[in-house]
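Asker: One structure is given below, represented as structure tokens, and several questions about it will come after.
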Amino acid sequence: MEDAEKDSQQHPDSIPEVGEDAVTSVGPSSPPPAMTEEERQELQEELDKVEDEIQTLSQVLAAKEKQLADIKRKLGITPLNELKQNITKTWQEVTTSTAYRRTSETLSQAGLKATAAFSNVGSVISRKLEDVRNAPTFKSFEEKVETLKTKMTPSASTSNPSDEDSSGPTTESPLSQPEDPPTQETPLN
């Protein structure tokens, strides 16, 4: 640490890093002793000349930017249009890239394989459900449910004749019917 401080003290004329302002990196100092008054005056004139050139170039740049904006306005080019053009151009560059094409092809193949796999799974499930439905145990269960349903369906004598539909008996769920018949009949309105 001390070596770094000694080194920076020994070399005060170090070059500023990128982005570092030369004025802030060099502290206030007097002109080098080997410089004469005439050399100092020449350097001051050169400094003034460079500063004037920078100011002139800044003014020219501002004028050119104004001219550019006027031309774009006359052509109807808006910042939104420019953005759209940039996005379109970038998208075209992306879609024509080798990486995009390879990725697209890979995803397309993966999609086809996934579709085939889902189709196979669906077929297997359908076959299994058909096997279960055709199994003797399921048929026996189905018959018992049907028997229970017919036992729970009310007969025509207990229903109101005005409630009957001309299309035939009602197809209500057996779960919506009470399990035990009511002990008292309630009048239907």
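Asker: Please report the equivalent ellipsoid semi-axes of region 30-157, computed as sqrt(5 x eigenvalue) of the Cα gyration tensor, largest first, in whole Å. Don't skip to the answer; put the middle values down first.
Answerer: Working: eigenvalues 1581, 112, 75 Å².
So the equivalent ellipsoid measures 89, 24, 19 Å along its semi-axes.
Asker: What spacing in nm lies between the two simple spin-label points modelled at Ile71 and Asp131, each 7 Å away from Cα in the Cβ direction?
Answerer: Modelled inter-label distance: 7.7 nm.
Asker: Okay, moving on. I'd like to know how region 41-90 sits against the 2.2 N^0.38 Å rule of thumb: what's its Cα Rg over that expected value?
Answerer: Values: Rg = 18.4 Å, N = 50, 2.2 N^0.38 = 9.7 Å.
Its radius of gyration relative to the 2.2 N^0.38 Å reference: 1.89.
Asker: Another question about this same structure. Taking the Cα atoms of region 69-135, report the difference between the largest and smallest coordinate on each principal axis, in whole Å and largest first.
Answerer: Extents along the principal axes: 83, 26, 10 Å.
Asker: Next question, about the same structure. With r as the distance between the Cβ atoms of Lys113 and Lys84 and R0 = 41 Å, compute the FRET efficiency 1/(1 + (r/R0)^6) and round to 0.05. Spell out each step's value before the answer.
Answerer: On the way: r = 37 Å, r/R0 = 0.90.
The calculated FRET efficiency here is 0.65.
Asker: How many nm is it between the label spots at Glu93 and Asp48, if each spot is 7 Å from the Cα in line with the beta carbon?
Answerer: 4.7
Taken together, the values in this text are just the output of simple stated rules run on the coordinates, not laboratory data. No experiment lies behind these values; they were computed from the predicted model shown. Cβ coordinates were reconstructed from backbone atoms using ideal geometry, including for glycine residues, and neighbour counts include every protein chain displayed.
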